[in-house]
Amino acid sequence: MADMSQGVITPLKQKEEVANYQNTKKMVLNYLFRHICFVDEQNKIKEVTKKELERISTHTKLSNLTITTLLNQFFEKARNFKIFFASKPITWEYNKAKLEKKVRIYLHKLYRTAPIFSYSRAKANLRILHALLEQKNHWPHITTQMALVIFITDRNNLKNNRGHYIIQKNLRAFCDCSAYAFHRARNILRINTKGQNY
């Protein structure tokens, strides 16, 4: 009689596989966002080249197949985000608590797609950002707010990123935020290249 136990996936094994997948995804996407620009001249998300794929493989010690699978999943979701943000205007909330909640929900969606920043720190930084926005009476589009929060979170997390910051072009494309809106908001809020208010 055949041993059926080999084909059975126990809850523990399933949990380990999910954890391994999440760690692998985090490692691949962190390298991608920080070392390879995946945005073309028209600010559209593009596929990585074979040479770039080899760079990721060398750094992560993962097979090209594993990396390609993860990247294809990411690029599809990232493009869908851009389409969603571009085609469906997000209704503005004049209630600050509701606005913060809405931005937090979208931030979490971005984090689940690409865990390249600390979500717990981002939530705290969102509250600080909204206090600054209120002081300046400047409320940019939600996509700009998300890009700013991730930028600030990344620049102030030296322990994890070891000085390899998220490439701004990648960040803006991922959040569907224009360079003009991003830098204008940064200048109004006086946020420097280190992600700090001066």
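Among the listed residues 153, 193, identify the single one that is of a type in the set (Ser, Thr, Tyr) and within 18 Å of residue 110 (Cα to Cα).
When all the criteria are applied, what remains is 153.
Please go through segment 116-162 and pick out each residue that is under 24 Å from residue 86 (Cβ atoms) and assigned to a loop (DSSP other than H, G, I, E, B).
116, 117, 138, 139, 140, 141
Regarding residue 173, is this residue assigned to a helix (DSSP H, G or I), under 18 Å from residue 83 (Cβ atoms) and touching a Lys or Arg at 6+ places or on another chain (Cβ under 7 Å)?
It is false that residue 173 is assigned to a helix (DSSP H, G or I), under 18 Å from residue 83 (Cβ atoms) and touching a Lys or Arg at 6+ places or on another chain (Cβ under 7 Å).
Give segment 161-198 a look and list any residue that's closer than 18 Å to residue 35 by Cβ and either touching a Pro at 6+ places or on another chain (Cβ under 8 Å) or surrounded by 13 or more Cβ atoms within 10 Å (Cβ to Cβ) (or both), or say none. I'd like the intermediate steps shown before the answer.
From segment 161-198, those closer than 18 Å to residue 35 by Cβ are 161-174; that's our starting set.
Within segment 161-198, 161, 164, 165, 166, 167, 168, 169, 170, 171, 172, 173, 174 meet the criteria.
Restricting to segment 137-160, count the residues that are surrounded by fewer than 16 Cβ atoms within 10 Å (Cβ to Cβ) and touching a residue at least 12 places away in the same chain (Cβ under 8 Å).
3
Scan segment 109-158 residue by residue and report those that are closer than 12 Å to residue 171 by Cα and of a type in the set (A, V, I, L, M).
110, 114, 116, 146, 147, 148, 149, 150, 152
Please count how many residues of segment 36-58 are surrounded by fewer than 15 Cβ atoms within 10 Å (Cβ to Cβ) and not in a loop (DSSP other than H, G, I, E, B).
Result for segment 36-58: 4.
Would you confirm whether or not segment 87-95 contains a residue that is of a type outside the set (Ser, Thr, Tyr), surrounded by 14 or more Cβ atoms within 10 Å (Cβ to Cβ) and outside any loop (DSSP other than H, G, I, E, B)?
no
What do you reckon, is residue 49 over 14 Å from the mean Cα position of the chain (by Cα) and farther than 22 Å from residue 82 by Cα? Write out each step before concluding.
Details: over 14 Å from the mean Cα position of the chain (by Cα): yes; farther than 22 Å from residue 82 by Cα: no.
No.
Since every read-out is calculated from the coordinates, none of them should be taken as a lab result. In this text, all values refer to a predicted model and were calculated from it rather than measured experimentally. Counting neighbours? That spans all protein chains shown, and the Cβs are built from the backbone with ideal geometry, glycine included.
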